[in-house]
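Take a look at the structure below.
The values are calculated or read from the model by the stated rules, or taken from the named source; none is laboratory data. Quantities reported herein were computed from a predicted structural model and do not represent experimental measurements. Because the Cβ atoms are built from the backbone with ideal geometry, glycine has one as well, and the counts that use them run over all protein chains shown.
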Amino acid sequence: MDEKKLALTGIVGDGLLDKRELAAVLGLSPGAVSVMLCRQKFPIEPIRIGARLRWRLSDVRQFIESGRAA
């Protein structure tokens, strides 16, 4: 996992990532994340907080470590 990318997000521990932060960590554009979500093809399950989606940093780390492609 690229700890440098995670350091750029400023998130410590098991924080929550928004779409922009998630895209940066995965090396995708926020638009690409949106498209995959709309097509129900996104491999990491989000948490819904009101109308907003967030992703657990631990889930993102697990996905990256598994070596699966987004």
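Structure summary
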item	result
Flag for Leu28 being closer than 13 Å to Ile64 by Cβ, modelled with pLDDT of 90 or more and out of contact with any Asp or Glu (no Cβ under 7 Å at 6 or more places or on another chain)	yes
Residue ID - farthest from the chain's Cα centre (by Cα), chosen from residues in segment 19-45 that are surrounded by fewer than 18 Cβ atoms within 10 Å (Cβ to Cβ) and in a loop (DSSP other than H, G, I, E, B)	Arg39
Residue under evaluation Arg68, criteria (1) modelled with pLDDT of 90 or more; (2) assigned to a loop (DSSP other than H, G, I, E, B); (3) more than 10 Å from the chain's Cα centre (by Cα), criterion not met	(1)
